[in-house]
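One structure, as structure tokens, below. Some questions next.
We did not get these values from a lab; they are worked out from the coordinates using the rules stated. Predicted, not measured: the structure shown is a model, and the values here were computed from it. All Cβ positions, even for glycine, are placed from backbone atoms using ideal geometry, and neighbour counts span all protein chains on display.
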Amino acid sequence: MEILEKVKSLLPKEAVSRVELEGSEIIVYTKDREFFRSHEDTVKQVVSQIRKRIEVRPEKNLTLDEEATKEIIKQHVPEDAKIKDIYFEPERSIVIIAAQKPGLVIGRGGETFRTIRGETLWMPRIERVPAIKSDIVENIRKVIHSEVKFRKEFLNTIGERIFSERKSSRDWVRIIGLGGWREVGRSAALLETPKSKVLLDCGIKAGATNSELIPIFNTKEFDYNELDAVVISHSHLDHIGAVPMLYEYGFDGPLYVTTPTLDLATLLWFDYVDVMQKSTTNPIYSARGIKEAVKHAITLDYGEVSDVAPDVRLTLQNAGHILGSSLIHLHVGEGLHNIVYALDQKFGRTTLLDPAFTDFQRVETLIMESTYGGAQDIMPNRAEVEKQLMDVVNATIERRGIILIPSFSVERAQEVMAILVEHGLEYPVYLDGMIWDANGIFTAYPEYLGRNMQKNIFQGNDPFLSPIFKRIASQQEREKAWEDKPCVIVSTSGMLNGGPVMQHLHNLAEDPKNTLLFVGYQAEGSIGRRIQKGWKELPVPAENGRTTMLELKMQVETIEGLSGHSDKNQLLGFVGHLNTKPERVICVHGESQKTQELARTINRIFRVPTDAPRDLESLRLK
Ligand SMILES: [Zn+2]
């Protein structure tokens, strides 16, 4: 392969024993000890010349014995790093060091890392062990590690596809909406470039009936066998829910995500399989599809540039929406066209995350969400919202009641937790449902949180480790929480459509000292929405499968404005702050009227052509 020959020719001949591809990364194996120990400068020059990533690894016969390697690592890494495990991938000459404080394994300026590399002649990889134990994080790492042979071959095949001399079959760039255009749910868009096809997001529309549940795959433009890559923006079901389906069909290409997105997605996929098995005779996938998706995942950090297809280069950047959420930047051809896919996103600071990234070098086409793109969609000021929340909590605490907060397990729950800690709450906060599992994932990736939050965590003030939080893992603990007045209970599901929150509601509804506090959107038809409309008697499912009437005497409060989405002004602010003005803006992901309103507003203010296309419409970009 040309690119491999080129790398070989640029490095000292005697140093290189073989060159391989792992995805778009070029792996240089060496038999030369000295070269392995001090190759940085030489390799840096080659990287800047060919603009591809290169990693140098030792041939296996150079590597030190595994036990001796462990000794050396323990000798150089301070105990404070809290190493939990050291394990090896001899096939790739990699030693993985799992520690609670990875920074201490790397050392100042990378000194400890280099010492370990130089003395053991293994390539060290460092993994953060989450401060809260997470089965999902552990299992994903286990799957990827145990599949090292498969992964090596898979990554090599992907690399060969990326760097293949594929002939152009088209001379245009276009994008087709397969879902989520003039609607919210089942987001999916197919990008066709002269040489490649890439799928952006692959979601479901939760609660929809069959024909609208998944993206429109039965159109002649879409064939999963032709896809070079699937890129996922973030782990909400309306963006990830249908991914395992593709792998159950037999798709064998790569899934590009950030690591937290992969972990959170896996948590939600398993939960969704559970829900499907209970509620439908015809699940759209099973655990098998999930495992295949995990095996085919290629994770990227924010800002890491990666070739993903013969003429597409991908970079993910912070979207400010949920942990690991990404704006997707695609560079097509050599300077042919640049696309930013910005759904979902928040261009405003939250307690956990920084505002969405805007510093793109080039953007010709911007594809953005319109969830709150309507003229009236203006959210209250953030500090005011937090004050309202604390006022409701404190008032209930004063009368020794319980505050019940229905919440999704990912992001909103953690955002509320962080606010409660920041405002100095001193009463117990019970967490029920999948929230605790999601917390584990949050503590595994502090580098994906906002700068302020990171600073807190690295100074030892991790809000998720606050002693006010207590996990509910059994019926007994649930009942204990009801006795522990005053307190806060945060529980799934977020719209009172089942989950442990229903038990809490049953138990707390009749005491007017308690408060039911909504912090998230309640969809039409949900029990949550009915309560917001003022219903005081509610038919709710009881344990024996029948329906009972619930009398609601507790206080009901709603806090608006904790959304992880940009409101109208933040959407406009995002466009205005982009480093370069886009030539065209495509508004999707919103109710029909909102996408059209946002398109009109952006057109009027920024004087650029805008569109609000429907599903199945195809837009030529170049
Ligand atoms: Zn989302």
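Neighbour counts of other C-beta atoms within 10 Å: give me L550, L343 arranged from fewest to most.
L550, L343
Can you work out ³J(HN,Hα) from phi for every residue in segment 395-400, in order, using Karplus 6.51 cos²θ - 1.76 cosθ + 1.60 and θ = phi - 60°, giving whole Hz and x for Gly and Pro?
Using θ = phi - 60°, the values come out as 4, 5, 4, 4, 8, 6 Hz.
May I pose another question? HN-Hα J couplings of segment 473-478 from phi, Karplus 6.51/-1.76/1.60, θ = phi - 60°, integer Hz, Gly and Pro as x?
Whole-Hz 3J(HN,Hα) from phi for segment 473-478: 10, 8, 4, 4, 5, 4.
Name the residues whose placed amide hydrogens come within less than 5 Å of the amide hydrogen of F360, ignoring near sequence neighbours (fewer than 5 apart) on the same chain.
N579, T580
Filter K101/K295; K74/K142; K60/K101; K220/K594; K149/K291; K197/K622 down to the pairs with a C-alpha to C-alpha distance above 18 Å, please.
K101/K295; K74/K142; K60/K101; K220/K594
Let me ask something else about it. Can you sort K52, K278 so the residue with the fewest Cβ neighbours within 10 Å comes first? Can you show the working numbers first?
On the way: K52 19, K278 9.
Starting with the residue having the fewest Cβ neighbours, the order is K278, K52.
For the residue pair H423 and K455, what label-to-label distance in nm results when each label sits 7 Å from Cα along the Cα-to-beta-carbon direction?
2.2
Now for a different question. Provide, for q = 0.09, 0.11, 0.17 Å⁻¹, the log10 of I(q)/I(0) from a solvent-free Debye sum over equal Cα point scatterers in segment 1-107.
-0.28, -0.42, -0.89
Right, another one. Taking the highest mean first, how do the peptides 459-472, 314-327 order by number of other beta carbon atoms within 10 angstrom per residue?
The most tightly packed comes first, giving 314-327, 459-472.
Right, here's the next one. List every residue whose amide H lies under 5 Å from the amide H of E560, counting only residues 5 or more places away in sequence or on a different chain, with H placed 1.01 Å from N in the peptide plane.
Sorted by chain and number, the residues that satisfy this come to none at all.
Work out from phi, with θ = phi - 60° and the Karplus expression 6.51 cos²θ - 1.76 cosθ + 1.60, the ³J(HN,Hα) of each residue of segment 452-466, listed in order in whole Hz, and give x for Gly and Pro.
4, 5, 4, 4, 3, 5, 5, 8, x, 10, 6, x, 5, 9, 4
Let me ask another. DSSP loop (so not H, G, I, E, B), at most 12 other Cβ within 10 Å: list which trypsin sites (Lys or Arg not before Pro) in segment 478-537 pass both filters.
K533, K536
Taking amide H atoms as placed 1.01 Å from N in the peptide plane, list the residues 5 or more away in sequence, or in a different chain, whose amide H sits under 5 Å from that of V56.
V28
Can you report the principal axis dimensions of segment 2-61 using only the alpha carbons, biggest first, rounded to whole angstrom?
28, 21, 16
For a footprinting-style exposure proxy, rank W436, W535, W181 by other Cβ within 10 Å, fewest first.
Neighbour counts put them in this order, fewest first: W535, W436, W181.
Using alpha-carbon positions, what is the distance between the centroids of segment 364-421 and segment 187-243, in Å?
Using only Cα atoms to place each centre, the spacing works out to 30 Å.
How about segment 338-399: which trypsin sites (Lys or Arg not before Pro) there are in a DSSP loop, with at most 15 other Cβ atoms within 10 Å of their Cβ?
For trypsin sites (Lys or Arg not before Pro) across segment 338-399 that sit outside H, G, I, E and B with at most 15 neighbouring Cβ atoms in 10 Å, the list reads R349, R362, R399.
Let me know the charge dipole size of the chain about its Cα centre in debye, to the nearest 20, where only the beta-carbon of Lys, Arg (+1) and Asp, Glu (-1) is charged.
For the chain, the charge dipole is close to 720 debye.
Which loop-located GluC sites (Glu not before Pro) does segment 339-437 contain, where loop means any DSSP state but H, G, I, E or B and the Cβ has at most 11 other Cβ atoms within 10 Å?
Here the GluC sites (Glu not before Pro) that fit, given the DSSP loop and packing criteria, are E426.
Also: Please work out the Cα convex hull volume for the chain and give it in Å³ per residue.
Numbers: hull volume 95.5 nm³, N = 622.
Residue-normalised Cα hull volume stands at 154 Å³.
Label A383 and Q476 with points 7 Å out from Cα along Cα→Cβ: what is the distance between them in nm?
In this crude label model, A383 to Q476 measures out at 4.7 nm.
Could I ask something else about it? For segment 390-467, what are Rg and Dmax over the alpha carbons, in angstrom?
Values for segment 390-467 (Cα only, Rg and Dmax): 13.1, 40 Å.
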